[in-house]
1. Taking residue B:21 as meeting all but one of (1) farther than 28 Å from residue A:122 by Cβ; (2) at the interface with chain A (Cβ under 7 Å from one of its Cβ atoms), write down the number of the exception.
2. Are any residues in the range A:1-38 surrounded by 12 or more Cβ atoms within 10 Å (Cβ to Cβ) and more than 14 Å from chain B (Cβ to nearest Cβ), and if so, which ones?
3. Restricting to the range B:24-38, name every residue that is over 19 Å from residue A:26 (Cα atoms) and more than 8 Å from chain A (Cβ to nearest Cβ).
4. Please return the ranges of helices (runs of 4 or more DSSP H) entirely within the range B:1-88 where 3 or more residues are surrounded by 23 or more Cβ atoms within 10 Å (Cβ to Cβ).
5. Check every one of the strands (runs of 3 or more DSSP E) wholly within the range C:65-157 and list those with 2 or more residues that are in contact with a helix residue (DSSP H, G or I) (Cβ under 7 Å, 6 or more places away or on another chain), in contact (Cβ under 8 Å) with a residue 12 or more places away in the chain and surrounded by fewer than 24 Cβ atoms within 10 Å (Cβ to Cβ).
6. Identify, please: which residue in the range B:105-118 is modelled with pLDDT of 95 or more and crowded, with 23+ Cβ neighbours inside 10 Å and is, among those, nearest to the chain's Cα centre (by Cα)?
7. Is it the case that residue C:238 is at pLDDT 95 or above, at positive phi, crowded, with 24+ Cβ neighbours inside 10 Å and within 14 Å of chain A (Cβ to nearest Cβ)?
8. With the structure loaded, tell me whether residue C:131 is at positive phi and at pLDDT 95 or above or whether it fails that test.
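The values are calculated or read from the model by the stated rules, or taken from the named source; none is laboratory data. These figures come from a predicted structure and were not determined experimentally. In this analysis, Cβ positions are derived from the backbone assuming ideal geometry, glycine residues included, and neighbour counts consider all displayed protein chains.
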């Protein structure tokens, strides 16, 4: 009875609530995501022309993009981009940097250990945990089966 | 041509993220975790490498690319150093990015203050 | 014997405690909204000269109390009790303000329903002849609430269309046993109601059933109907929640469509990018203390029902998959002008 009422209410609310403007959001995500990757491509191409090999250039690309994401977050620009672009600026590595700087900056008042350093990875920590753990499992499976 | 490919590939990956966020209740943190894991798994089964070959930065700059580097590094290290490489390979190949995130993240946080939203 | 109880859950305040003064201080964004001229003070900067947003919020609350007391022609020593709360953990805005003000203090937590909760209890203290002057106060701050309940401000996330914008501001009322001013005649404390909404970005829908329940209970207990009220105002349901409340009340046989509004819709205009509307303790507080109080004093509103609504969730309960319980308290405020 109680659960049925809750179910009914949830269905009712779902039909009442406005949906996100999907087409507009997807277009923004596509364009901004694409542009960010082009900036990365530019850095990589430039590094290659300076004589770095492909792997080094790729690392330089990642490092520069992390710097840009962190810097734009510090300037207070990145959240403005994110408001429109959504996943377009969350999914690229610049968004990873944004997820590190934004809590770290905001918790400065709570000190440099429990504030900045501890809060840096509240959003980004899970990415490292699952990313690294997955890579270890993949490595082990590969080692066993080859 | 590089740029067109990177634009399309990167844009498409972000579109998948946007669909996940708008159509499910996943938070940005969930989406990021999903992407890094998906990138690693797709690399292990051999699907992501061709995407990187095609899209360049369009495939390496999104977080799936971080998963790609982790998985690729682990596999490579296992080939040369044996099973212990599973533990060292992934982090080794992404060390630059991780250290950059820590250093830039910390220094930006110290230098700047958050601005109130209008 | 509970002689002053009316019906199931309503209290009748026979001595008509008077709201002799109010004050409201708001942040810059609220100060650009449609009600800007009704607020006593609009901050240029939401840090308010402090080092953190939490400190700023406490200062806003403290200054609002001081201003209200001053407008009543009193000093803080004249106030017998202060009742108040806010959204921050352990209600630090209110209790830290009480530390400075040196008024005996009841800390309340009713989430965004705190304005009506503190006004209810304060009026009861006056009506029971336990005090001559009390202050009811609450506050909220966009940046401190965002930090506690959602994402860091500089994080590049998107706000879904159902989300609401926490009002930066504080409202305080001085309630007295004598003097001049609009008076509190009935209070209907509400039940906690939860119809299973889990989406913390849709608070309006989570609180609407509680608002509807309290409004219906109030009508049933007092015999009042829509025609007895000039305004019925819920606290911070936003567009979606208001819509749902109106339909739910209608389903119970009461039409409120002619006089019903929501403080969360009043406080911002559509072009201020707030999606579904305003929210937070400060929302119903500043709209009532600023806008509605002014109209009550002028006699433009003869009788209104304030139904402040609260979502009783915490970040922990949300992460553990709990749904969001809602609460709503109703207070009848009547203008002093004769004829009713």
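1. So the condition that residue B:21 fails would be (1).
2. Filtering the range A:1-38 down to residues surrounded by 12 or more Cβ atoms within 10 Å (Cβ to Cβ) leaves A:5-10, A:12-14, A:16-18, A:20-22, A:25-38.
Hits for the range A:1-38 are A:5, A:6, A:7, A:8, A:9, A:12, A:16.
3. B:38
4. Details: elements: B:2-23, B:28-44, B:48-55, B:57-60, B:63-81.
Per the criteria, B:2-23, B:28-44, B:57-60, B:63-81.
5. Details: elements: C:81-86, C:105-107, C:133-140.
Fully inside the range C:65-157 and qualifying: C:105-107.
6. Looking at residues that are modelled with pLDDT of 95 or more and crowded, with 23+ Cβ neighbours inside 10 Å, I get B:105.
7. So residue C:238 passes the test.
8. Spelling it out, it is not the case that residue C:131 is at positive phi and at pLDDT 95 or above.
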